[in-house]
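Visitor: Provided herewith is a single structure, encoded as structure tokens, for subsequent inquiry.
The values are calculated or read from the model by the stated rules, or taken from the named source; none is laboratory data. These numbers were taken from a predicted model, which means no experiment stands behind them. Quick reminder, even Gly has a Cβ in these numbers, built from the backbone with ideal geometry, and neighbours come from all protein chains shown. Ligands, DNA and RNA are excluded from the accessible area calculation, which covers all protein heavy atoms including side chains. Shrake-Rupley method; radii C 1.70, N 1.55, O 1.52, S 1.80 Å.
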Amino acid sequence: MVEFTLVLPALAFILFAIIQFGIVFHDYITLTDAVRAGSRKAVVSRLEPTREQIARNAVKAAAPRLNLSDAQIVVTSSWNPGEDITVTASHPVDITILGKTFFNGSLESTLTERVE
């Protein structure tokens, strides 16, 4: 019982660290996929008058759990055929384990595709 009492805090810390890492990794994969969806939507809608907003909406729709705002999604391009479109999105991340914050920053994903 004494050994269990001594080891339990370390095991709990490791368990919660693994869970928190899984959550952050899931958010990163979701953000990367959302940026891919937004850049693909931007590539095929270059003739639309609101093409930047269409791309932002596609990013938001692909990642509803991340609660992305317009300020966190940037779409840049000259919109000429053969040129590149770059879509960048960021999402704040806070790694807290057992009430102590170990990291406070943001995840960022950028994807560049060619305009069709």
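Visitor: Return only the number of the condition from (1) without any contact (Cβ under 8 Å) to a residue 40 or more places away in the chain; (2) closer than 19 Å to Ser78 by Cα; (3) open to solvent by 50 Å² or more (accessible area, probe 1.4 Å) that Lys60 does not satisfy.
Guide: (2)
Visitor: Output the residues belonging to the range 77-99 that are of a type in the set (S, T, N, Q), within 18 Å of Asp33 (Cα to Cα) and either part of a helix (DSSP H, G or I) or out of contact with any helix residue (DSSP H, G or I) (no Cβ under 6 Å at 6 or more places or on another chain) (or both).
Guide: Those that are of a type in the set (S, T, N, Q), within 18 Å of Asp33 (Cα to Cα) and either part of a helix (DSSP H, G or I) or out of contact with any helix residue (DSSP H, G or I) (no Cβ under 6 Å at 6 or more places or on another chain) (or both): Thr86, Thr88.
Visitor: Spot the failing condition for Ile73; the list is (1) of a type in the set (A, V, I, L, M, F, W, C); (2) touching a Lys or Arg at 6+ places or on another chain (Cβ under 7 Å); (3) within 30 Å of Leu8 (Cα to Cα), and only one is missed.
Guide: (3)
Visitor: Any residue in the range 8-19 that's under 11 Å from Leu98 (Cα atoms): show its pairings with residues that are at pLDDT 90 or above at Cβ separation under 8 Å, as long as the two are six or more apart or on different chains.
Guide: Partner pairs satisfying both residue conditions: none exist.
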